[in-house]
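The values are calculated or read from the model by the stated rules, or taken from the named source; none is laboratory data. Here the structure is a predicted model, which is why all the values come from computation and not from measurement. Every residue, glycine as well, gets a Cβ built from its backbone with ideal geometry; the counts of neighbours run over all protein chains shown.
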Amino acid sequence: MKKLFFFPLLFLLFTCRITTAQTSSNTFTVSEKKIRLIDQLFKQYLDSGWIKGITANIAIDGKTVYNKAFGHQVGRPFKTDDILRIASQTKAITSVAVMMLVDEGKISLDDPISKYLPTFKNPRILDQFNPKDTTYTTKAARHEITIRELLTHTSGLGYAQIGSPEMQAIYAKADISAGFVDHKKLLKTDMDKLGQLPLSFEPGQKWQYSLGMDVLGRLVEIASGLNLDQFFRERIFIPLGMNDTYFALPKNKQPRLSSVYTEDPKTKAVIPWVDGTVKGSSINYPINENGYFAGGAGLVSTAKDYGAFLQMLLNGGEYNGKRILSQNSVTLMTKNQIGSIPFGDNYFGLGFEVVSDKGSKKLGQTAGSYGWGGFFGSTYWVDPKKKMVAQIYVQQSPLSHGQLPNQFKALIYQDAK
């Protein structure tokens, strides 16, 4: 009996070892070779004078496999715990806040936004525009803007300071900015004004980057009864341990705030950013006590903090035993939500670009990966199949050599199966 039991047991152990080895060999890794190549890429950009510094982080299956900073900023080296201006990476957090309220039954994706923000009732579309005096005529839109259209940037709204010349002029006249606010103002005031201004096109007609996430930030305030700063802190940042993420950075943490750079328009030399680089905006928005909680661009954070937020999404809405979002909401956010509306080779979900099968062939990035970036040269993505989260921060705009994030991606996915 002992011999009869021994051989099946031996066979079972042997089979388990083979299975484990096969599983291990199929696990995606960032090899020492890839790490050396990534280091070399960053040093090439620094040595060429194209950037002043860079921070990058890669985590696989919740474990950090790359976390480095290179270069020197004003007064000190760049560090991996620098507090960074994440700009439009704020949008993903606002999107999650909206979906939390959907989970709670407080709002629905296809609700008209005017149900919560009355000034958006009966939207009108820009018809004729006179650039000499910024006067214009409008025509009635066929339907109201929905929450889903705001999340997908198909609402017809434009973008202050970086959108079309017509919408930039209309928004500037109304003192509506892209979030880097240089004077005291309230989100409520700006969003109420925005609702009375014309749209670029019929809602749902096409994709156009917009102030929609700022509108959704105001929606979160109305539906939750908290201002956006409070909602983020109490419902997202504290549960995720994001202790260095803020709209208004406390004074004791301001020495860790990273320097930001721009390019001389004539020589392309990289120089420190100063106020006036973009009209109506301030680089000091995290520290000038403006009181403006821009859901589209207002936060500062660290690679560690933002990595925890992305890991929560990768985990299907849960992090360290705390559920932030339902699995169903994560699924909705990371699938095609714009149908056949053109968006390059990829799709757009609820707050994220989603890599399609066609898009995956460009750099090897896995289809189904999702992410976005920020105005100051940052890019992030989540790869559910590879169980990977990756981030890169340059803290510079413009970035003439803007192929850096794609080169970073290509190196990571080198030899991937």
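What to note about this one:
- Of the residues making up the stretch 350-383, those that are over 24 Å from Leu299 (Cα atoms) and of a type outside the set (Gly, Ala, Ser) are Val355, Asp357, Lys358, Lys361, Lys362, Leu363, Gln365, Thr366.
- Residue within the stretch 153-175 that is of a type outside the set (Ser, Thr, Tyr), in contact with a strand residue (DSSP E or B) (Cβ under 8 Å, 6 or more places away or on another chain) and in a strand (DSSP E or B) present: no
- Failed item in (1) modelled with pLDDT of 95 or more; (2) within 25 Å of Ser397 (Cα to Cα), with Pro118 passing the rest: (2)
- Residue that is surrounded by fewer than 21 Cβ atoms within 10 Å (Cβ to Cβ), assigned by TED's automatic domain parsing to the domain that holds Thr302 and under 30 Å from Gln161 (Cβ atoms), where the choices are Trp372, Trp381: Trp372
- Residue, surrounded by the fewest Cβ atoms within 10 Å (Cβ to Cβ), within the stretch 29-85, restricted to residues that are more than 23 Å from the chain's Cα centre (by Cα) and within 30 Å of Pro250 (Cβ to Cβ): Gly75
- Conditions (1) farther than 30 Å from Gly316 by Cα; (2) in contact (Cβ under 8 Å) with a residue 60 or more places away in the chain; number of the one not met by Asp81: (1)
- Hey, Asp182 surrounded by fewer than 23 Cβ atoms within 10 Å (Cβ to Cβ), under 30 Å from Lys79 (Cα atoms) and outside the structural domain of Ser397 (by TED's automatic domain parsing) or not: yes
- Some residue of the stretch 322-336 being assigned by TED's automatic domain parsing to the domain that holds Leu310, of a type in the set (A, V, I, L, M) and touching a strand residue (DSSP E or B) at 6+ places or on another chain (Cβ under 6 Å): no
- Output for the stretch 196-214, where each listed residue is buried (at least 23 other Cβ atoms within 10 Å of the Cβ) and hydroxyl-bearing (Ser, Thr, Tyr): Ser210
- Selection count where residues are under 23 Å from Pro286 (Cα atoms), assigned to a loop (DSSP other than H, G, I, E, B) and in contact with a Ser or Thr (Cβ under 7 Å, 6 or more places away or on another chain), scope the stretch 179-225: 3
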